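Please read the structure below before turning to the comments.
The values are calculated or read from the model by the stated rules, or taken from the named source; none is laboratory data. Every value quoted in this text rests on a predicted model; they were computed, and no experiment measured them. Here the Cβ is made from the backbone with ideal geometry for all residues, glycine too, and neighbour counts use every protein chain on show. What goes into the accessible areas is simple: the full protein's heavy atoms, side chains included, and nothing from ligands, DNA or RNA. Shrake-Rupley method; radii C 1.70, N 1.55, O 1.52, S 1.80 Å.
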Amino acid sequence: ELMSSADWAPLLARYDGRVFGWQHCTLSQSPIENALELVTKLPAGARLHLVSHSRGGIVGELLCRGELEGRDPFTRDEIKKLFVDADGNPRTADQEQLEQLGNLLLQKRLRVTRFVRVGCPARGTTLASERLDRWLSMLLNLFGDLSTLSATPFFQVFEEFATALVKTRTNPDKLPGLEAQMPSAPLIRLLNQRDVKSRSDLHVIAGDIEGAGV
């Protein structure tokens, strides 16, 4: 449900109008690229209160790496160890962007004093991996059975999009934003290391639902 002007008024008053939204590409860019662009635009020493939804929480997690206790945001060893392809070759673009992001976080010294994360796929999501084929197939079959939809240009476009998405979803060069959300993705493994602590204040709004009926 969208917030009304009455809902926004207390927020704007509390923060004296300093409320900003970050519109970022979620399929064609990786969360690393999203975070790098955002940190570049933020002023040095900024104190941030973050509210994220879904995949935006991964971007927020990357911002919190600037406040890790007793270590740099990303070490060269973990970057080289985790960010390799299936054949063990380095994922050069990811490695370079992470090093750049880590240096920028140290320079900017941002402080994330509040972070509310809503529905974040922090451990990845199976909707981005093996289940994606099933969901898209179900949708295609459903839309195809509806004569009012199957004959429309929308269905043709969706069918082409779904087919292309299934073919390229695991290719970080084609859809890095989707690949980064897979449970086995290097970024997910990086963010879930057990021996890492951040001084940022994290709150989580999570939920669980069960499907019923159509």
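See the values below:
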| quantity | calculated |
| --- | --- |
| Any hit, the range 44-64, residues being of a type in the set (Val, Ile, Thr) and more than 12 Å from the chain's Cα centre (by Cα) | yes |
| The range 180-207, subset over 23 Å from Thr113 (Cα atoms) and of a type in the set (S, T, N, Q), residue most open to solvent (accessible area, probe 1.4 Å) | Ser184 |
| Of residues in the range 117-131 being part of a helix (DSSP H, G or I) and either modelled with pLDDT under 65 or of a type in the set (Phe, Trp, Tyr) (or both), the one surrounded by the most Cβ atoms within 10 Å (Cβ to Cβ) | Ala128 |
| Unique match (being modelled with pLDDT under 70, open to solvent by 60 Å² or more (accessible area, probe 1.4 Å) and farther than 24 Å from Asn34 by Cβ) among Thr148, Thr170 | Thr148 |
| 1 or more residues open to solvent by 50 Å² or more (accessible area, probe 1.4 Å): qualifying helices (runs of 4 or more DSSP H) within the range 1-95 | 5-14, 31-41, 76-82 |
| Test for Gly211: is it outside any helix (DSSP H, G or I), modelled with pLDDT of 70 or more, small (Gly, Ala, Ser) and over 27 Å from Leu63 (Cβ atoms) | yes |
